[in-house]
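Some notes on the structure that comes next.
The values are calculated or read from the model by the stated rules, or taken from the named source; none is laboratory data. What you see is a predicted model, and the numbers here were worked out from it, not measured in a lab. Methodologically, a virtual Cβ is constructed for each residue, glycine included, from the backbone with ideal geometry; neighbour enumeration extends over all protein chains shown.
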Amino acid sequence: MNKMVTIKAIYGTEWCGDCKRSKEFLDKKKIPYTWIDIEDDEEAREITMKLNKGKARVPTIVFDDDSILVEPSNFQLAKKLGIDLE
């Protein structure tokens, strides 16, 4: 059986609609995550820019297998995390 992937960090901003939607989805599914606001943390902004080839695209979600999802839909998040959307 495959090890379930977990979220290391979500890089985003408070005003980002996709960030809010992703956080609400994860909260509803009781999936733990660390939220990092790239407007409050210059190092986090630089990490986000590096992961996105020079663009500060949010949310950028980093997983413990070192993969990332950028601006994912709830479906993409559920698939990556192996959770049911029902």
**Asked** From the residues in region 61-77 that are free of Cβ contacts under 8 Å to residues at least 40 places away in the same chain and outside any loop (DSSP other than H, G, I, E, B), which one is farthest from the chain's Cα centre (by Cα)?
**Response** Phe75
**Request:** Among the numbered conditions (1) of a type in the set (Gly, Ala, Ser); (2) touching a residue at least 12 places away in the same chain (Cβ under 8 Å); (3) on the phi < 0 side of the Ramachandran plot, tell me where Gly82 comes up short.
**Result:** (3)
**Prompt:** Within the bounds of region 44-56, is there any residue that is without any contact (Cβ under 8 Å) to a residue 24 or more places away in the chain and touching a Pro at 6+ places or on another chain (Cβ under 9 Å)?
**Reply:** no
**Item:** Residue match in region 17-26 (condition: modelled with pLDDT of 95 or more and more than 24 Å from Asp84 (Cβ to Cβ))
**Value:** yes
**Prompt:** Asn52: surrounded by fewer than 17 Cβ atoms within 10 Å (Cβ to Cβ), at pLDDT 95 or above and touching a helix residue (DSSP H, G or I) at 6+ places or on another chain (Cβ under 6 Å), yes or no?
**Reply:** no
**Asked** Within the bounds of region 15-24, is there any residue that is on the phi > 0 side of the Ramachandran plot and not hydroxyl-bearing (Ser, Thr, Tyr)?
**Response** no
**Request:** Considering every residue within region 9-32, establish whether at least one is surrounded by fewer than 16 Cβ atoms within 10 Å (Cβ to Cβ) and in contact (Cβ under 8 Å) with a residue 60 or more places away in the chain.
**Result:** no
**Message:** Exactly one condition in (1) touching a Leu at 6+ places or on another chain (Cβ under 9 Å); (2) closer than 14 Å to Val62 by Cα; (3) modelled with pLDDT of 95 or more; (4) not charged (D, E, K, R) is false for Val5; which is it?
**Reply:** (3)
**Asked** Here are Val58, Val5: which of them is closer than 21 Å to Leu85 by Cα and part of a loop (DSSP other than H, G, I, E, B)?
**Response** Val5
